[in-house]
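A quick write-up on the structure given underneath.
The values are calculated or read from the model by the stated rules, or taken from the named source; none is laboratory data. Values in this document were obtained by computation on a predicted structure and should not be read as measured data. Note: ideal-geometry Cβ built from the backbone for every residue, glycine included; neighbour counts use all protein chains shown. For accessibility, only protein heavy atoms count, side chains too; no ligands or nucleic acids. Shrake-Rupley method; radii C 1.70, N 1.55, O 1.52, S 1.80 Å.
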Amino acid sequence: MRLAGVVAASAVLLPLLLVLATSPSCHGASSHKITDILAVHPNFTEFSAALTSTGAAAEIDRRNTITVLAVDNAVMAQLKAQKLQPKDLEHVIYLHVLLDYFDATKLGSIQGGFAQATSLYQATGKAQASEGIVNITVFRGGRVAFALSGPSNALPAAFYQKSIQEAPYDIAVLQVSAPIWSPAPLAGAPAAAPPPDAAPRLADLLFKNGCGGFAGLLASTADAAATFERSAGGAGGLTIFCPGDKAVAAFNPSFKNLSADDQVALLLYHVVAAHYSAQSLKAINGDVNTLATDGSRGYKYNLTVHADGNTVKLSSASPSAAKVTKTLVDKAPLAVYLIDAVLLPRELFNNGQGRTSPAPAPASSPAHPPPPAIAPASPPAHAHTPPDLAPAVAPVIPPTPRRRPAPTPDTPAASPDAEDSQPPADQKNNGARDTASWSLGTAVAAAVPVIVLL
């Protein structure tokens, strides 16, 4: 009876186990299909077709933990107007597939406001260096930008707009405003963004030109980012001195030790609220105000600019001047220069008079302190009186005369001042020895007549 039950149960469980063993989930395959996800969204039919024609859809369907940055039909129409070669279209589409999971929640919690993700294009091996790495930047107010890493003069393009579908840690499909990269400017694309977008565009430009570290500090420092936003649209323009990534990485531990106010001041110290072309920069040879300057509070934060031949140098509290190594942008109203070191405000790093200057050190002792008073010699029987028990005015006692033995031909005469030049303790010891010698001599002299009389 029991055996019959086991056989019956096996007959039911065995087919079930066979089904589970052959299911895709047991082999680590994905449980999603990107074209089915996009099929219920008519505004993404062109992007879905491009995923299929380039082979990206098949790559997405066989992978887990993936993010697809989709663009709508209007953006795809601009791409199609360029009549891209198949390899160029593949390049564009593969950059929109990130080999990591980013949903709306994860984007909002990126530490430091900056992250990088590997794209499907990087994974193909066709990318040169880091061409397939995508920078993700979170700006003040929660706005998120996706930009191509590596050298490029293109302005940022793709901003997060909304989530289309999220299956945690499997696949996230997000809509972005434009392609991350394209071989040429999109036809019909807006020529310029409104002023509020100036800071995000600027930060993205820094990211793509070797200033990712500085742009990350800016993005994660709300007050500095807000000041950038207000200043970017100013009538006088803006000049930015951007330290390279290596310089920022070396300085980062010191940056973290600064107070929040001083972090803002240091970042703003790298920006001048005026456009200086490469030629006009060489002609300054003096101090310029920075965005950190606050005359109402007496905070100067001036930066010294001077030319050394064809090289522009920037002097701050650093032992050596920073050098301008490259012009990233020089078109009014914006100029951006790459520099080889972080600029250190004198008010923060040179014991200046800024808001974080340390308190002045106590006055140092005189270079030549007066010699210590030497107490008069006293008989050895008298104990030393502690200073706090000594009388206010001590009576003047003439020193006890000291008897010195007469010099012999083998012994040179001692200097009268030889013993007085020694420390007081030695003088007391010498006085004791002299007193003992005098007492012994007196006793011997007194005993001689007694011996004679006997």
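Taking every residue in the stretch 239-250 that is closer than 8 Å to His270 by Cα and pairing it with any residue that is among the hydrophobic types (A, V, I, L, M, F, W, C) and open to solvent by 10 Å² or more (accessible area, probe 1.4 Å), at least 6 positions away or on another chain, the pairs with Cβ-Cβ distances below 6 Å are Cys242/Leu338. Residues of the stretch 78-129 that are assigned to a helix (DSSP H, G or I) and among the aliphatic types (A, V, I, L, M): Leu79, Ala81, Leu89, Val92, Ile93, Leu95, Ala104, Leu107, Leu120, Ala123. Among the residues of the stretch 154-163, is any assigned to a loop (DSSP other than H, G, I, E, B), in contact with a Pro (Cβ under 9 Å, 6 or more places away or on another chain) and at pLDDT 55 or above? Yes.
Filtering the stretch 256-286 to residues that are free of Cβ contacts under 8 Å to residues at least 60 places away in the same chain and within 19 Å of Ala224 (Cα to Cα) leaves Lys256, Asn257, Ala260, Gln263, Val264, Leu267, Leu268, Val271, Val272, Ala273, Ala274.
Of all residues in the stretch 250-275, those satisfying the criterion of being open to solvent by less than 20 Å² (accessible area, probe 1.4 Å) and either of a type in the set (D, E, K, R) or not in a helix (DSSP H, G or I) (or both) are Asp262, Tyr269, His270, Val271, Val272.
As a summary of the residue check, Gly150 satisfies the conditions (1) in a loop (DSSP other than H, G, I, E, B); (2) open to solvent by 20 Å² or more (accessible area, probe 1.4 Å); (3) at pLDDT below 80 except for the one numbered (2). The residues listed here are Thr124, Thr105; of these, the one that is out of contact with any Ser or Thr (no Cβ under 9 Å at 6 or more places or on another chain), open to solvent by 60 Å² or more (accessible area, probe 1.4 Å) and at pLDDT 85 or above is Thr105.
Filtering the stretch 182-218 to residues that are out of contact with any Ser or Thr (no Cβ under 8 Å at 6 or more places or on another chain), among the hydrophobic types (A, V, I, L, M, F, W, C) and modelled with pLDDT of 75 or more leaves Leu206, Cys211, Phe214, Leu217, Leu218. Residue count for the stretch 56-77 satisfying the condition of being more than 19 Å from Pro183 (Cβ to Cβ) and outside any helix (DSSP H, G or I): 9.
Within the stretch 224-249, being modelled with pLDDT of 90 or more and open to solvent by 30 Å² or more (accessible area, probe 1.4 Å) holds for no residue.
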